[in-house]
Amino acid sequence: MATIDADTHFVESLRTWEYMEGDDKKLRPVILDPFKDPKKQAWYIDGQVRGNKVPALELKEQQAFDDTVDRTTLTSEEAKQGADLGTRLRQMDEYGVDFQVVYPTIFLMQVAERPATEVAICWAYNRWAADICDRSEGRLKYAATLSMLSIPDALDQMRFSKQHGSPAIFFRPIEVNRLPTDPYFYPIYEEAARLNMSIGMHIGNATGWMANMLQQSNIVRNFWSIKACMAGAVHALLNSDIHERFPTLRFGFLEATAGWLPYVLREWYSRLEDEGKPRPENPLVERNMWVALQSNDDMAYLLKEVGEDCFVMGTDYGHNDTQAELDAFLRLRDGDAITEEQYRKITVDNPKVLYAL
Amino acid sequence: MTTTSSATLAIDADAHLVETAETWEHYDLSSMRQSKAEQALFPGDLGGQLDNTVIPAVADPYGDPSGERWFIAGMVRGKRMPSSLPGIPNVNDIETRLSWMSQQGISVQVVYPTIFMEQVSNRPHIEVPIVWAYISWAAQICKASEGRLRWICPVSVLSIPDALEQIRFGKENGACGVLLAPIHGDMLLEEAHFFPIYEEAARLGMPICIHAGNANPAMTELLGQDNPGASFWQYKISITAAFQTFLTSGIPHQFPGLRTGFFGAGAQGLIYPLGEWSRRLRADSPEKDSNPMEGRNLWVTLAGHDDIGYMVKRLGSDHLLLGTEFGHTNGESALRALRKALADGEITQETYEKIVWHNPRAFYGFED
């Protein structure tokens, strides 16, 4: 029984951009450090602060955070960055995880407005991530990161990543000024279906003006800008005909927890009723959709409302934030929220189908 | 065996007036030139720059009432909805409305505007007189209802001095709350810009009523593209986010007498930010076991699609309200769902009575 952690992260470092080639090197992200404080750094790209830079915490700071929130997020910067694979694999063993599907960090936000810059950064990331995963004894699988501003390049990046074992494509609920239902993305969906790769929709927002506006004064800066968008994106997809156009395409919705799911489904059902349309019996399964749970979700309610075939679990390994919980699988297994059979589905069977592993 | 009854008179905490050309007959160009926004922009002889293109007019590009839009100062703005529904020729007609309310067992209905679900202008001197015109129209309708219709006062958020005057006028003329959208232009509700509104509302005992909507045109446009069910992401997710703002910001503590309600999106959307909030708390935080709705004076309306029994379990029964959305819909869904929850034993008679009567009285400050 091989468990699959459906949502973990690599944290990019300057080493990542050493994978840029030729003239692309001129476009590499650099670190802006105005306060001489690793917790307040930002990525500087094309003359702007861009992308997502997570604070680098010292181990004692991470430990203090863990003690405060009663969760485990502790790992080294080297393990987060994929430089210390030994530690990462050992921690997977320790926390009951056999495989990790790994998502990027910088791309949670828009990295560039110019296609040339985005293309270069995405290629560097994919080469870097592929290099790490190729050395992981098959236990790390990275989600391909695509330059959405240039679809032909994006398709090339998908094919490259597929050759390196990538099971999914990293996608944000809002790409640059486009929703996931936009026909602009149909070539990507078509190619993903052809290559048997899933769409890994992860919290994020690649529409810079919108994300900045929603983060400007909000005390919990990212709820509206990158998290609540997930509920909107899933609602939009449910309302769309994407599942009819691409019937084998699979979607995973990651790091947004699942508390919003009954809201989205019930609101959508009410629309169907108003339109005189039948209510699907199991809409997520019928549409090849899976949602990542978090340990504080009301699992009994979610399983009753939505069923047990559409949930996966992610630990958010690599980040130190609200979602991160390295021992989530152990807590789920050893707790009394779900049955042994449900645990198996959530951690083994469902993610295996989602990622075609 | 416990007997239950849904015959209790109800207060409908969220229904709508739907603006028509008649609304703008209350638009008074000459008096509006006295607005503080206008005075600041066009002092002395330069005053009176307004002309009738700033009065909302119906744009009907397709010759189809369902595709009508408001056209204001050269822009398509505001939320335009039909003022008729199947079987209801004019939702603003008082006799029709009161008759419908009586049939449903509703004694009092609180009415919200429609046009202000979206931004009507990004210029204060245009926004101010539109708000005044609506206020004058709504106050007149409600005054003729012999107390059965109460109205929520929109404010011109782009000119705070005018907004404060509108709140005071509203208080004196039967308004029972102050309307805000979840976002205004590029301003979120936790910004200090809105604090004078919160302060005045608290002083006058009027709640802040945040209705599903989105007064950021760029965001509304983006979220409406290739999205057949766009209003969910445009308007309702915005309510989820605005609730998160009041849950996590210091506003409820900074204005301790302030009551804040979330309308038009149902209650189920609150579960997500509540889970996030709980996750962020220290493991030993005393807030872990508290009801944040109570501690922060936050209230929410139930929708027909909510799992009502579960909402009562998660949010408690003291801060839930009934909102029919009459005017935008035929108003029956939420009431039917609530009565079914009572009949099915999902909620008790006591909880039912709280939701339809005691809670809205407390929220809106109804004393009689």
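Where a number appears in this text, it was derived from the coordinates with a stated rule and is not lab data. Just so it is clear, the model here is predicted, and its values are computed rather than measured. As a convention, Cβ positions derive from the backbone with ideal geometry for all residues, glycine included, and neighbour counts pool all protein chains shown.
How would chain A be classified by its alpha-carbon gyration tensor: rounded, prolate or oblate, with rounded meaning a/c under 1.5 and the a/b versus b/c comparison settling the rest? Verdict is rounded for chain A.
For a modelled paramagnetic label at A:Arg245, 7 Å from Cα along Cα-to-Cβ, the residues of the range A:178-211 in reach, with backbone nitrogen under 16 Å, are A:178-194, A:199.
Extending 7 Å from the Cα toward the beta-carbon at both B:Arg280 and A:Glu58 defines two label points whose distance is 2.6 nm.
Considering only B:Pro207, B:Ile135, B:Met187, the residue lying farthest towards the positive end of the dipole of the protein assembly as shown is B:Met187, judged by Cα position with unit charges set on Cβ. Taking amide H as placed 1.01 Å from N in the peptide plane, B:Leu321 has its amide H under 5 Å from the amide H of B:Val300, B:Thr301, B:Leu302, each at least 5 places away in sequence or on another chain.
Residues whose amide H lies under 5 Å from that of A:Met289, counting only those 5 or more places away or on a different chain, are A:Phe251; hydrogens are built 1.01 Å from N in the peptide plane.
Summing charges over neighbours of B:Asn92, with a neighbour being any other residue whose Cβ is under 12 Å away from its Cβ, gives -3 when K and R count +1 and D and E count -1. Among the trypsin sites (Lys or Arg not before Pro) found in the range A:1-88, those both in a DSSP coil and sparsely packed, with 16 or fewer other Cβ atoms within 10 Å of their Cβ, are A:Lys36. Panel order for B:Asp14, B:Asp318, by other beta carbons found within 10 Å of each beta carbon, from fewest to most: B:Asp318, B:Asp14. Our summary of shape: the Cα atoms of the range A:34-193 have principal axis extents of 46, 39, 26 Å, ordered from largest down, in whole angstrom.
Name the residues of the range B:318-333 whose amide N is less than 14 Å from a point 7 angstrom out from the Cα of B:Thr348 along the C-beta direction? Answer for the range B:318-333: B:318. Counting Cβ atoms of other protein chains within 10 Å of each residue's Cβ and taking the mean over peptide B:276-286 gives 4. In order along the range B:129-143, the Karplus-derived 3J(HN,Hα) couplings, from 6.51 cos²θ - 1.76 cosθ + 1.60 at θ = phi - 60°, round to x, 5, 5, 4, 4, 4, 4, 4, 5, 5, 4, 5, 4, 5, 4 Hz, and Gly and Pro are given as x. Please identify the GluC sites (Glu not before Pro) of the range A:267-301 that satisfy two criteria: DSSP loop assignment and at most 14 other Cβ atoms within 10 Å. Which are they? Those that pass, being in a loop and sparsely packed, are A:Glu275, A:Glu281.
Of all stretches in chain B that contain no chymotrypsin sites (Phe, Trp or Tyr not before Pro) in a DSSP loop with at most 16 other Cβ atoms within 10 Å, the longest one is B:63-365. Of all DSSP beta bridges confined to chain A, the antiparallel ones make up roughly 20%. Assuming charge only on the beta carbon of Lys and Arg (+1) and of Asp and Glu (-1), the dipole of the protein assembly as shown about its Cα centre is about 380 debye to the nearest 20.
A simple spin-label model places the labels of B:Ser290 and B:Glu367 3.0 nm from each other, with each point 7 Å out along Cα-to-Cβ. Between the helical axis of B:333-343 and the dominant principal axis of chain B, each derived from Cα atoms, what acute angle in degrees is found, rounded to the nearest 10? The two axes meet at around 10 degrees.
A simple rule links phi to the HN-Hα coupling: the Karplus curve 6.51 cos²θ - 1.76 cosθ + 1.60 with θ = phi - 60°, which for the range B:92-99 gives 8, 5, 5, 4, 4, 5, 5, 5 Hz, with x for Gly and Pro. What the phi angles of the range A:120-136 give under the Karplus curve with 6.51, -1.76 and 1.60, with θ = phi - 60°, is a coupling list of 5, 5, 5, 4, 4, 4, 4, 5, 5, 5, 4, 4, 5, 5, 4, 9, 9 Hz, glycine and proline written as x. Within the shell defined by Cβ-Cβ distances under 12 Å, the residues around A:Arg71 carry a net charge of -3, with Lys and Arg each +1 and Asp and Glu each -1. Within the protein assembly as shown, the proportion of C-alpha pairs whose separation exceeds 52 Å stands at 14%. Rounded to the nearest 20, the size of the Cβ-charge dipole of the range B:142-199 about its Cα centre is 420 debye, with Lys and Arg at +1 and Asp and Glu at -1. Mean residue ellipticity, 222 nm, helices only, the protein assembly as shown: the sum of -39500 (n - 2.57) across DSSP H runs of n ≥ 4, divided by residue count and rounded to 500, is -10500 deg cm²/dmol.
For the peptide A:224-236, the mean number of other protein chain Cβ atoms found within 10 angstrom of a residue's Cβ is 6. Of the trypsin sites (Lys or Arg not before Pro) found in the range A:149-225, those that fall in a DSSP loop while having at most 15 other beta-carbon atoms within 10 Å are A:Arg221.
List the relative contact order of chain B as a percent without decimals, with contacts defined as Cα pairs under 8 Å and 6+ residues apart. Could the numbers behind the result be given before it?
Numbers: 684 pairs, mean separation 66.8, N = 368.
Averaging sequence separation for qualifying contacts and normalising by length gives 18 percent for chain B.
Taken along the Cα-to-beta-carbon direction at a fixed 7 Å, the label points for A:Asp131 and A:Glu281 span 5.1 nm. Across the range B:317-361, Cα pairs under 8 Å and at least six residues apart give a relative contact order of 53 percent. When DSSP beta bridges are restricted to pairs lying wholly in chain B, around 25% turn out antiparallel. Among residues other than A:Asp33 whose Cβ falls under 14 Å from its Cβ, what is the net charge (Lys/Arg +1, Asp/Glu -1)? With Lys, Arg at +1 and Asp, Glu at -1, the net is +3. Only the Cβ atoms of Lys and Arg (+1) and of Asp and Glu (-1) were treated as charged; on that basis the dipole of chain B about its Cα centre amounts to roughly 600 debye.
Contact order for chain A, expressed relative to its length and based on alpha carbon pairs under 8 Å spaced 6+ residues apart, stands at 20 percent.
Per residue of peptide A:205-215, the mean number of Cβ atoms on other chains within 10 Å of the residue Cβ is 3.
The slack in the chain from A:Leu14 to A:Thr68, taken as 0.36 nm per residue of separation less the alpha-carbon distance, amounts to 16.4 nm.
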